[in-house]
Amino acid sequence: MGVTEILIVFFISSWMVFFAVVGIGVRSQEEAGEVTAGTEPAAPENPMILKKFAWSCIGGLVVTVLFYIAAVTGLFQLLRALSPFADI
């Protein structure tokens, strides 16, 4: 695996993890009881985007390392050989 492939896997996996964690722990302004004038009551009070970005980078790194290990050790070729559709 080259650097380009690793970066692509990291970028895609980071975004997947980000979309999974973006809604965790978010309270709306209405739930907090402090609705700012001119905003939607369902808007988040404190979305904690930087914290979630950091978690998504860590999760993306874990997924990328696991993918790299699977690619280097030949796990993908083993799975392809064990597949019932390997002859197609």
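Farthest towards the positive end of the charge dipole of the chain, among the residues Ala43, Ala81, Thr64, is the Cα of Ala81, using unit charges on the Cβ of Lys, Arg, Asp and Glu.
How big is the dipole moment of segment 1-68 about its Cα centre under a simple scheme where the beta carbon of each Lys and Arg is +1, that of each Asp and Glu is -1, and everything else is neutral? Debye, nearest 20, please.
Working: 3 positive and 6 negative charges, 60 e Å.
Using Cβ point charges on Lys, Arg, Asp and Glu, segment 1-68 gives about 280 debye.
Students often get this wrong, so try it: which of (i) 6.5; (ii) 9.0; (iii) 14.6 is mean projected area of the Cα convex hull in nm² as calculated from the structure shown? Computed from the coordinates, mean projected area of the Cα convex hull in nm² corresponds to (ii).
When you count, for each residue, the other Cβ atoms within 10 Å and take the mean per peptide, how do 33-39, 49-55, 11-17, 73-79 rank with the highest first?
Details: 33-39: 8.4, 49-55: 13.4, 11-17: 15.9, 73-79: 11.1.
Ranked from most to least packed, the peptides come out as 11-17, 49-55, 73-79, 33-39.
Please compute the net charge surrounding Glu34, taking Lys and Arg as +1 and Asp and Glu as -1 over other residues with Cβ under 12 Å from its Cβ.
Values: positive: Arg27; negative: Glu30, Glu31, Glu45.
Here the count lands on -2.
In the chain, helices alone account for a calculated mean residue ellipticity at 222 nm of -20500 deg cm²/dmol, with every DSSP H run of four or more residues adding -39,500 (n - 2.57). Note down the net charge around Gly25, summing +1 for each Lys or Arg and -1 for each Asp or Glu among other residues with Cβ under 14 Å from its Cβ. Summing Lys and Arg as +1 and Asp and Glu as -1 gives +1.
Computed from label points 7 Å out along Cα-Cβ, the spacing between Val62 and Ile8 is 2.5 nm.
Every number here is computed from the coordinates shown, using simple stated rules; none is lab data. Since this is a predicted model, take the numbers as computed values, not measurements. Positions of Cβ are backbone-derived with ideal geometry, glycine not excepted, and every protein chain shown enters the neighbour counts.
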